[in-house]
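Below is one structure, written out as structure tokens; the observations come after it.
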Amino acid sequence: MDKTIKIGYKNRLFINRQTDNGFYLCSEDLQEVLMPNGYITPDMKIGDEVEVFVYTDSEDRKVAVTTMPKAMVDEFGYFEVVDLSPHGAFVNWGLPKDLFVPKSMQKIPFKVGMKMVLRVCIDEQTDRIVGNHKYTKYLSKSTKGLEKNQQVKFIVYKRTDLGYKVIVNDLYDALLFHSDVFENIKVGDIKVGYIKSIREDGKVDIALKPVGQASVDNDTKKVLDILAQNGGKMNFTYKSSPEDIKETFGLSRKAYKKALTSLIDCKQIKLNDDNIELI
């Protein structure tokens, strides 16, 4: 159970009492927040611990919900603009009350229907949860805490001639080169990747799979899984086209051939004249 109630974050609180409006949840320091009746399930009872997201409703009252938003405070998400006001815009973040993006936090004027990568923040002036399109200042200039082949989470925020600009672990700016992409990628995608390199100038490159032997192991597992999903036999060989390999296995032809060789050497698959099959 959390010591105190944190607005904009996931909280673990216990059910303290029930009213006509819902359950009042409590933290260790005995702060309370209402969880409305609409989020109560039949199995919940006084004394239970529940996991909730806490934010403020349209009247700035704290409220707890069991539904989680697309992104919480200090996280990045991809949101669609659903409404405008004289002071800013509202985006859908998966909760009944839309997320407000003040005009001062928009890089460009927002329009209904636009989709944007935003950082969810607490507005220092109002203490309200807001979306911020001017998020560069929140990205770390230090790469401390990152190392080669480390698994990371990233969100794609821009496509360039070199590849895709991404934000790693909600903190670091990085680049995913086109040459390292063997599946469909688009702005707004949230995926798991690996640190490919950390350059002397501090710039970070990532890949969709690990480097070296770890990469081969990852690729062989992918080939085995897809073979199993297709009855243990598929019309693929070393000579299959790069396009077919990419579409079916999400691998480059080079990575696919390495995986096949490894699996054949380990006697996990058999290579026939016009197909491969599990042993």
task: When you have a sec, figure out the Kirkwood radius of region 137-253 from all distinct Cα pair distances and drop it here in Å to one decimal?
output: 15.4
- request: Sketch the reach of a paramagnetic label on V187 as a point 7 Å from Cα along Cα-to-Cβ, and name the residues of region 90-111 whose backbone nitrogen lies under 14 Å away.
  value: 107-111
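How much net charge surrounds K97 when only other residues with a Cβ under 14 Å from its Cβ are counted (Lys, Arg +1; Asp, Glu -1)?
Residues near K97 contribute -1 overall.
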task: Specify, per residue and in Å³, the volume enclosed by the convex hull of the alpha carbon atoms belonging to the chain.
output: 195
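Suppose the chain between K103 and N21 were pulled fully straight at 0.36 nm per residue; how much longer would it get relative to their current alpha carbon spacing?
Additional length available on full extension: 26.0 nm.
So what's Rg/Rh here for region 184-260, counting alpha carbon atoms and using the Kirkwood radius for Rh? Let's see the in-between values first.
On the way: Rg = 14.5 Å, Rh = 14.0 Å.
Reported Rg/Rh (Cα atoms, Kirkwood Rh): 1.04.
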- line: Other residues with Cβ under 11 Å from the Cβ of K246 give, with Lys and Arg +1 and Asp and Glu -1, a net charge of -3
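Of K10/K209; K70/K186; K70/K115, which pairs sit farther than 22 Å apart, going by alpha carbon to alpha carbon? Let's see the in-between values first.
Working: K10/K209 30 Å; K70/K186 17 Å; K70/K115 13 Å.
From K10/K209; K70/K186; K70/K115, over 22 Å: K10/K209.
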query: Tell me, what is the percent relative contact order of the chain, built from C-alpha pairs under 8 Å that lie six or more residues apart?
result: 10
query: Any idea what the relative contact order of region 160-231 is, in percent, if you count C-alpha pairs under 8 Å spaced at least 6 apart?
result: 22
field: Helix 253-265 axis, angle to the chain major axis (alpha carbon atoms, nearest 10°)
entry: 70
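Laboratory data are not the source of any read-out in this text; all were calculated from the coordinates shown. This structure is a prediction, so every number in the text was calculated from the model and none was measured. We place every Cβ from the backbone using ideal geometry, glycine too, and count neighbours over all the protein chains shown.
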